[in-house]
Amino acid sequence: MIDLPVRLRLVSHERRLPLPASSAEVHLADLTDPRAVRDAVDGADTIIHLAAQLPDERSWRDPGSDSARLSTGLLDTLVRSVRGRPPIVVFASTVQASAPAGLPLNDYVREKIAAEQLLGEATRNGAVRGIVLRPATVYGRTPITGATGRGVVAAMARRAFADEPITMWHDGTVERDLVHVTDAARAFVAATRAPEALSGGRWPVGTGRPARLGEVFRTLAELVAARTGRPAVPVVTVPPPDWADATDFGNVHVDPSSFAAAAGWQPLVRLHDGLAGVADALSS
């Protein structure tokens, strides 16, 4: 959004992004503090809620974490803090929130669903114009920082660069819709431009082209091998850890056509190109 005619305010707990000079205001704040939230959203026309607790690779599964305070708690404070014309609020949920009824849900997904419901109620009450986006599995190298994130794609690529086997908890036929981080970012920008069409809705964001994880991991192994000059590491099945849950073993298919039609958005990054970008970032 730094190229759009907007005044951009970034709010983070501890990190400063290496953005071009004067492209954005950067506020360091504890978003579990209501006063900090009020200051963060003061005067905002549009708010993109991406806040999450990420202290380690398992934080989203940990019921003792601050996840709820940074989803439902933060949204509740945000809604109570806005003044004047109802702002657009785009909330980053998860595609797992659209799981069929009866499927067991972990705490992370339940918290996202509760936050969606809170935002929906605030929208119906006229306090905000809320838009829920439900991204599929986000991966890839970010163009500004070069970071590859903490997701499964980056984790397995790091194993390959360390000359360790790529591991999976199933036979490799489990399918995921992998959406590149730049396409996901474009989806959030597109949402801010179409509040009339999207407000009050819950919108899936993905490619619509699920990939088998076994094939994804084998492609990663080959891409890493091409950059190291070593043979491709094996892709092997290992027993799942005791904290794995049902969401780790089910297929995830996403139909983004409704969001694409309403927001004029389409995914642009091909999976192989995105995986190659991760390998390039980690090889440098």
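The chain: D in µm²/s via Stokes-Einstein (Kirkwood Rh, Cα pairs, 37 °C, 0.692 mPa s)? Spell out each step's value before the answer.
Details: Rh = 20.0 Å.
Translational diffusion coefficient: 164 µm²/s.
Give the carbon-plus-sulfur fraction of the accessible surface of the chain in %, rounded to a whole number; probe 1.4 Å, heavy atoms of protein chains only.
Numbers: 7450 of 14660 Å².
C and S fraction of accessible area: 51 percent.
State the volume of the convex hull built on the alpha-carbon positions of segment 62-210, expressed per residue in Å³ and rounded to an integer. Write down the numbers at each step before the final one.
On the way: hull volume 23.1 nm³, N = 149.
It is 155 Å³ per residue.
By the scheme Lys and Arg +1, Asp and Glu -1, what is the net charge of all other residues having a beta-carbon under 13 Å from that of D280? Mind dumping the intermediate values first?
Working: positive: R141, R227; negative: D273.
Result for the neighbourhood of D280: +1.
Would you mind getting the accessible area per residue of segment 175-284, heavy atoms of the protein chains only, 1.4 Å probe, in Å²? Can you show the working numbers first?
On the way: 5190 Å² over 110 residues.
That works out to 47 Å² per residue.
If each residue of separation counts as 0.36 nm, what is the full-extension length gain between A244 and H27 once their alpha-carbon separation is subtracted? Walk me through the numbers before you get to the answer.
On the way: separation 217, 0.36 × 217 = 78.12 nm, distance 3.60 nm.
Residue separation times 0.36 nm, minus the Cα-Cα distance, leaves 74.5 nm.
Let me check against my output: what whole-number percent is the relative contact order of the chain, with C-alpha pairs under 8 Å and at least 6 apart?
Values: 498 pairs, mean separation 51.0, N = 284.
Once normalised by length, the contact order is 18 percent.
Please work out how much accessible surface W243 shows to a 1.4 Å probe, ignoring ligands, DNA and RNA, in Å² rounded to 10.
Solvent-accessible area, nearest 10 Å²: 70 Å².
Cβ neighbours within 10 Å, averaged per peptide: list 225-237, 80-92 in order, most packed at the top. The partial results should precede the final answer.
On the way: 225-237: 14.2, 80-92: 17.8.
Per-residue mean Cβ counts within 10 Å order the peptides as 80-92, 225-237.
Beta carbons within 10 angstrom, averaged per residue: use that to sort the peptides 113-121, 176-184, highest first. Mind showing how you got there, number by number?
Working: 113-121: 18.9, 176-184: 23.1.
With the highest mean Cβ count within 10 Å placed first, the list reads 176-184, 113-121.
The values are calculated or read from the model by the stated rules, or taken from the named source; none is laboratory data. Model, not experiment: these values are computed from the prediction. Virtual Cβ from ideal backbone geometry, glycine too; neighbours counted across all protein chains shown. In case anyone asks, the SASA skips ligands and DNA or RNA and just uses the protein heavy atoms, side chains included. Shrake-Rupley method; radii C 1.70, N 1.55, O 1.52, S 1.80 Å.
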